[in-house]
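Beneath this line is the structure, given in structure tokens, with notes to follow.
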Amino acid sequence: MAENINNSIKVWRAARDMTQEELARRVGVTRQTIIAIEKNRYAPSLELAFRIARVFGESVENVFRYEEGGEAR
Amino acid sequence: MRRAKILVTSFLCAIVAVGATSGKMYLALAGIVIGALFMALVRRRSGEVHTDERVEALGGRAARATFVIMSVFLGLLSLAFIFIGRNTGDGGLEALGTVFSYIVCLNCAVYSITFKYFDREHGGEY
Amino acid sequence: MTRQKARLKNLGFCVAGIGFLMLLFMFFATASWIGYEVKEVCEEAMLKYEGDAVEALIGLLEDDAADYRARNSAVWALGQLGDARALPAVKKHFKGYEKGARCDRGEELCQYELYKAVKLLEGGPNISAFVWR
């Protein structure tokens, strides 16, 4: 589903010492959604991506990367 | 919190079961209504997130799949009913098949209307 | 404000459209059910009486030995079929109907039923019949 979008949420979470539960609560989604995004099974909406990046105090590009050449070309 | 929930749920279940077995329908109904109210209250109070964009997206896909499956299933069933009813002279079965086929048509029409509604609601027309 | 208005209009069209479709569905479902009932009554009458459906139903209506419930449904079915051949037979039993008068379908020929049948047989509108006829 999200073949072209990679993210480093796991890394940023570890750096901020944050659990999935806590991140989910702070951005207002369920924990399942955070798991799905971390595993690249679900591409979040632009709004959610911005919210996640803001929790880490980073820009969206630092958390999410768009990589050309996946399934959709 | 979880334990309290289970306790209340089992208590209400017991009330509903007693009401249903003793034939006191109002008791069972009251139990169900109170249970629904309690659940709504708990959900609002706990502030937990139960739906988000992913759940909504999945819900949309599930709804679409349900629509397709039910339409095809009911359509085939109605065809079979009409066919069998005609062959065996069973008017009731044929009428049932006809009503089923109307339901399929209604389903498709309602789908297209709601689709058009959301298309406009999230479109750039206004 | 205009956007709000347009959204309300959109919602109104959606609700009205779905409501209309629901009513249409109920009409069609009821109509096909009426057709089925008429067919049932006809088939039952044709087992006992001679002729085509209308003749058999008239036979049932004229049979004093038959159950009043069956005769009342024969009147109803004749009205639904709308075949003018049945008009004399139905009119013969029709004594007049006052609004609000009640009848016991198991004990007598219901005058209200006869009244409706006469109206339909004389060419009154029967919109549901278009669906199943």
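Data overview
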| read-out | value |
| --- | --- |
| Residues satisfying the stated conditions in region A:12-42, i.e. facing another protein chain (nearest Cβ under 10 Å), of a type outside the set (Phe, Trp, Tyr) and part of a loop (DSSP other than H, G, I, E, B) | A:Gly28, A:Val29, A:Thr30, A:Arg41 |
| Counted residues, region B:60-119 - those being open to solvent by less than 80 Å² (accessible area, probe 1.4 Å), within 14 Å of another protein chain (Cβ to nearest Cβ), β-branched (Val, Ile, Thr) and out of contact with any Leu (no Cβ under 7 Å at 6 or more places or on another chain) | 5 |
| Condition met for C:Leu60 (within 9 Å of another protein chain (Cβ to nearest Cβ), farther than 25 Å from B:Ser101 by Cα, without any contact (Cβ under 8 Å) to a residue 40 or more places away in the chain and among the aliphatic types (A, V, I, L, M)) | no |
| Count - residues of region C:7-31 that are more than 9 Å from chain B (Cβ to nearest Cβ) and surrounded by 13 or more Cβ atoms within 10 Å (Cβ to Cβ) | 3 |
| Positions within region C:80-108 being open to solvent by less than 70 Å² (accessible area, probe 1.4 Å) and under 30 Å from B:Glu94 (Cβ atoms), in sequence order | C:Gln80, C:Leu81, C:Gly82, C:Asp83, C:Ala84, C:Ala86, C:Leu87, C:Ala89, C:Val90, C:Gly106 |
| Residues within region A:24-39 that are surrounded by 13 or more Cβ atoms within 10 Å (Cβ to Cβ) and under 10 Å from the mean Cα position of the chain (by Cα), tallied | 6 |
| Residue ID - nearest to B:Thr51 (Cα to Cα), chosen from residues in region A:1-23 that are surrounded by 19 or more Cβ atoms within 10 Å (Cβ to Cβ) and either in contact with a Leu (Cβ under 8 Å, 6 or more places away or on another chain) or of a type in the set (Ser, Thr, Tyr) (or both) | A:Ile9 |
| Residue satisfying condition, being surrounded by 11 or more Cβ atoms within 10 Å (Cβ to Cβ) and either more than 10 Å from chain C (Cβ to nearest Cβ) or at pLDDT 85 or above (or both), within set B:Ala36, B:Ala40 | B:Ala36 |
| Boolean, A:Asn62 is in a helix (DSSP H, G or I) and away from chain B (no Cβ under 14 Å) | yes |
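The values are calculated or read from the model by the stated rules, or taken from the named source; none is laboratory data. In this text the structure is predicted, and so the values were computed from the model without any measurement. So basically every Cβ, Gly included, is an ideal-geometry build from the backbone, and we count neighbours across all protein chains shown. What goes into the accessible areas is simple: the full protein's heavy atoms, side chains included, and nothing from ligands, DNA or RNA. Shrake-Rupley method; radii C 1.70, N 1.55, O 1.52, S 1.80 Å.
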